[in-house]
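Trainee: One structure, pasted below without further comment.
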Amino acid sequence: MASTGMRVGSGATDAPVGYAENNFLNHTKGFASWIWTLDHKRIGVMYMWSIILFFFAGGLFATMLRTELWTPKDDIVGPDLYNQLFTYHGAVMVFLVILPGIPAALANFVLPIMLGAKDVAFPKLNLASYWLFVVGALLALSSLVQGGLDTGWTFYTPYSTSTNTAVVPVVTAAFILGFANIFTGLNFIVTIHKLRPPGMGWFNMPLFLWGIYATGIIQVLATPVLGITLLLLIIERVFHVGIFDPALGGDPVLFQHFFWFYSHPAVYIMILPAMAVISEMVPTFSRKPIFGYRFIAYSSIAIALFGFLVWGHHMFVAGQSALMNMIMSALTYSVSIPSAVKVFNWLATMWKGSIQYRTPMIWVLGFIWIFAIGGLTGLFLGSLGTDVHLHETYFVVAHFHYTMMGSTFLAFFGGVFYWWPKMFGRMYDEKWGTIGALIVNIGFNATFIPQFIMGSHGSPRRYAHYLPEYQPFHQASTVGTYIMLVGFIICGWVLISSLYRGRKAPANPWGASTLEWQCTSPPPYNNFDEPPIVPEDEPYHYDHLEWDPELGGYIDKRREGSPAPGAAVEAAH
Amino acid sequence: MSLMHGEHAHGSGHDHEHGHEHGHGHSPYLEHHFETLGQQFESDKLGMWLFLATEILLFGGLFCAYSVYRGNHPEIFVYAHQYLNKMWGGINTVVLLLSSFTIAWSVRATQLGQRSLQIGLLVITLLCAFGFLGIKYVEYSEKWKHGLLPGKHYQPHVGSHGEEHAAGAEAGADHAAAATSAGGEHTAAATTDAAAADSTLSVTAGDHHASTDPAIADSAASAVAAVPAADPNDPLAIDPSKIAPAAAPPAGLAREVRQHEGEHGVMMEEPKNVQTFFAVYFVMTGLHGVHVVAGIIAIFVILIYSMRGLYKPEWFTPVDMVALYWHIVDLIWIFLFPLLYLIH
Ligand SMILES: [Cu+2]
């Protein structure tokens, strides 16, 4: 009552119903109120801005790499600096951007609201996760002034135990970042188990939660193995105990096994949340219930479990036995089944739907295209015969950029555009948002399709110099990078300018049916001014939602004439 | 804001499970985002179990490394484990088991509201934990003193009591023959010699280095040349089926000797890369020791709060959580002890 009254009485005549003047953003004020907040929404927002910042840092490294590769010889940096650039590009993008990206930023914001809960199960752990992330990030970047790092983001031994660059700070940072990841995943698993509202069974949950749940399993079960691996690497470097050092009787291939036992599942920490975001947006913008809800839900779990059994495909040429190679190859193929299930279900959802080409949907379409290419090219690498030819070439680089960067980051940006009105209560410029998304997609494909081609021609990765015959491909790739850069700058500008000039957002601008669209935009501090209506079925039904052109959003007909949250409270009085 | 929600939730009479009533659960222990103490406790417990799962996987990596190295080089483990003191390891196992029991009992005492009993049991648990670390310290300093250290720090040498720990120099004469197949007779001979050697034979540290260092360098060269031990064609790889009978000391004799000599008694041909065992030993027990220290801090904290009377039969979550953690620390040791100390 009181809060609704304040909203109306604040004189914000341009604000649509469902927009909240008093919300989690201005609930309390001051720097300290943010850095010590236990509010999952604020932690999510802080994570999001940090991740976007690191994304631009990682993108800067990438742009320098691509610029260097314009000609076969030294252009702007020498080979040593080149090695450091690709190391920092990879490490920053993997550990500071893609791994935490969707779970820690978007899911942190949206997951408790989707459950109608007030917060995640462990708010303090959530804040600890963010601060560990900051400490880890600063430690990793501090290595830039401690001699840099040139091992590649994989820290392979024995090079990483013998190079003179700053391995220990970066590895320690990755260890700390692992804790941040574990805390996030653990929090989400418990929240989904224990804070679901009465009436919301597992199969009434939004598919986003299934994806995040599966991600949480991997974060909790795989990250500790990375932790011990990195710890052993640090011990090896500092004390020379010989666990990985062949000169002392250790086994460097054991490091690779440990590393990929984590890092292959980790690519599912990257892609499962991306798929989860896509599973929300596809039905919303197709105005149609999702096709095969249970298949999508179970396929997330299947990917999480299969993902633990395929790490050996990174060591087909590292002296692994032929039997092991065959098993790993077969299992790798099997992971493509649940992934394909998802893609087919999204396409079936879109089929005969009334697709709305809003900005988030452009990212979705780009994602499906890019993920399909990324997934299919993975089969060439999972196949033993072709992998012997393709390993350590640009084909691998293009493949994992299609899956890790293309798919995950497109979904991340799609999710940012999707939930932006909910987070900040502002609508952005649809036209420029769409243009930005399209340019990024064009630039991305222009960057990496040439790399597939030159990789299949045998061009090795991770070299500052190359044979002149590859120059056209490198130049096309570099042009693509700059196109992508322009696209991301447009996207960033669209988002930032919306904060100042954007129309205030209604509660439900897209007509989505999950619970977070039932609270105001932005949500109040406690997430719901009044209890949300929990669906008794899968959440993707849109019959009760009706477009209101005056509002610029959708109204919920179940609320009997009260157009949006807040108003029902008024009616009750 | 939150106050306002409370007001209008009550005022408007909404009776929904997920409303914003701050009304129910007036317990001061209930956090604002939970509905009931039961829900909060269930969440805490699930979170703790997940955390314990991460701990198991953290150590899982080490157990995996242990399996790989022992599977590839059983002779190293059989040889080197004799330098561990079974008595101290056994006592530590008993100490930890006792502490697990006392902390579990203290949880029960909290549930029943028996505060002084609970505090007493926590104190005993703490004493056990310190006892464990004390014994660990004794064991570590023994290893340190004798140069039984991981990796490049491995430099076994004569102890201060004039004991000879590695019979490398003594067995040097038939080194070449023994390297390929250490026969049972040889082991027996070495062991017998060793028994005599204790009083009569004293080999200088310098001699000893001369015999071991080339072995290490040699193995390093072979390890670099081929993927170590994973390669079945490696001519230096030793068939495990041949190792077991040879490396295990003959029944009776060796056991008798060891009883005489304590942990340092048995003399055998020293295999290559013994430092690997000590790397595994120190990393595993070291990481476990770090967990014991963390457990001591946690137990100390709940002890302080228990003395202040924070925990009641209706809410004792931290005691329960710390106890669970302590059990996992105990459980890991239960695996470490036989795997490191009781090898045949
Ligand atoms: Cu993989």
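Trainee: Can you pull out the residues in region A:500-546 that are part of a loop (DSSP other than H, G, I, E, B) and free of Cβ contacts under 8 Å to residues at least 40 places away in the same chain?
Mentor: Listed by number, the residues that qualify are A:E530, A:I533, A:D543, A:H544.
Trainee: Let me ask something additional. Quickly run through region A:231-244 and pick out the residues that are within 11 Å of chain B (Cβ to nearest Cβ), crowded, with 24+ Cβ neighbours inside 10 Å and in a helix (DSSP H, G or I).
Mentor: A:L232, A:E236
One line per residue, one yes/no per condition, for (1) aromatic (F, W, Y); (2) within 16 Å of the ligand (Cβ to nearest atom); (3) in contact (Cβ under 8 Å) with a residue 60 or more places away in the chain:
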residue	(1), (2), (3)
A:Q219	no, no, yes
A:A222	no, yes, yes
A:H257	no, yes, no
A:W260	yes, yes, no
A:S263	no, yes, yes
A:E280	no, no, yes
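Trainee: Hey, another quick one. Within region A:118-131, how many residues turn out to be away from chain B (no Cβ under 14 Å) and either open to solvent by 50 Å² or more (accessible area, probe 1.4 Å) or touching a strand residue (DSSP E or B) at 6+ places or on another chain (Cβ under 6 Å) (or both)?
Mentor: Total satisfying the criteria: 1.
Trainee: While we're here: Give the residues of region A:172-211 that are over 25 Å from A:L141 (Cα atoms), within 12 Å of chain B (Cβ to nearest Cβ), open to solvent by less than 30 Å² (accessible area, probe 1.4 Å) and not hydroxyl-bearing (S, T, Y), sorted by residue number.
Mentor: A:L186, A:N187, A:F188, A:I189, A:V190, A:I192, A:L195, A:P197, A:M200
Trainee: Being part of a helix (DSSP H, G or I), open to solvent by 10 Å² or more (accessible area, probe 1.4 Å) and within 16 Å of the ligand (Cβ to nearest atom) narrows it down to one of A:F306, A:F295, so name that one.
Mentor: A:F306
Trainee: Now for a separate question. Limited to region A:383-409, what total is found for residues that are modelled with pLDDT under 95, part of a helix (DSSP H, G or I) and of a type in the set (G, A, S)?
Mentor: Total satisfying the criteria: 3.
Trainee: Does any residue of region B:61-78 turn out to be without any contact (Cβ under 8 Å) to a residue 24 or more places away in the chain and touching a Pro at 6+ places or on another chain (Cβ under 9 Å)?
Mentor: yes
Trainee: Across region B:333-344, which residue is surrounded by the most Cβ atoms within 10 Å (Cβ to Cβ) among those that are more than 11 Å from B:V292 (Cα to Cα) and among the hydrophobic types (A, V, I, L, M, F, W, C)?
Mentor: B:L336
Trainee: Right, another one. Within region B:68-102, can you find the residues that are modelled with pLDDT of 95 or more and within 14 Å of chain A (Cβ to nearest Cβ)?
Mentor: none
Trainee: Can you pull out every residue in region A:310-322 that is under 26 Å from the mean Cα position of the chain (by Cα) and either away from the ligand (no atom under 11 Å from the Cβ) or more than 14 Å from chain B (Cβ to nearest Cβ) (or both)?
Mentor: Across region A:310-322, the qualifying residues are A:V310, A:H313, A:H314.
Trainee: Still on this structure, please answer the following. Just to check your reading of the model, which residue among A:A247, A:A214 is surrounded by fewer than 23 Cβ atoms within 10 Å (Cβ to Cβ) and either more than 8 Å from chain B (Cβ to nearest Cβ) or assigned to a helix (DSSP H, G or I) (or both)?
Mentor: A:A247
Trainee: How about region A:169-204: which of its residues are small (G, A, S) and either part of a loop (DSSP other than H, G, I, E, B) or within 18 Å of B:G38 (Cβ to Cβ) (or both)?
Mentor: A:G199, A:G201
Trainee: Any chance you could count how many residues in region B:289-326 are open to solvent by 60 Å² or more (accessible area, probe 1.4 Å) and either among the basic types (K, R) or touching a residue at least 24 places away in the same chain (Cβ under 8 Å) (or both)?
Mentor: Qualifying residue count, region B:289-326: 7.
Trainee: Given the residues A:N345, A:N325, which is the only one that is within 14 Å of chain B (Cβ to nearest Cβ) and open to solvent by less than 50 Å² (accessible area, probe 1.4 Å)?
Mentor: Result of the check over A:N345, A:N325: A:N325.
Trainee: Go through region A:29-54 and give me each residue that's among the hydrophobic types (A, V, I, L, M, F, W, C) and open to solvent by 10 Å² or more (accessible area, probe 1.4 Å).
Mentor: Selection gives A:F31, A:A32, A:W34, A:I35, A:W36, A:L38, A:M46, A:W49, A:I52, A:L53, A:F54.
Trainee: Could you check region A:331-342 and list, in sequence order, the residues that are open to solvent by 30 Å² or more (accessible area, probe 1.4 Å) and within 14 Å of the ligand (Cβ to nearest atom)?
Mentor: Result: A:L331, A:Y333, A:S336.
The values are calculated or read from the model by the stated rules, or taken from the named source; none is laboratory data. Computed from a prediction, not measured in an experiment: that's the story for all the values here. Cβ atoms come from the backbone with ideal geometry, glycine included; neighbour counts cover every protein chain shown. When the accessible area is computed, the model is the full protein with side chains, heavy atoms only, and any ligands, DNA or RNA have been set aside. Shrake-Rupley method; radii C 1.70, N 1.55, O 1.52, S 1.80 Å.
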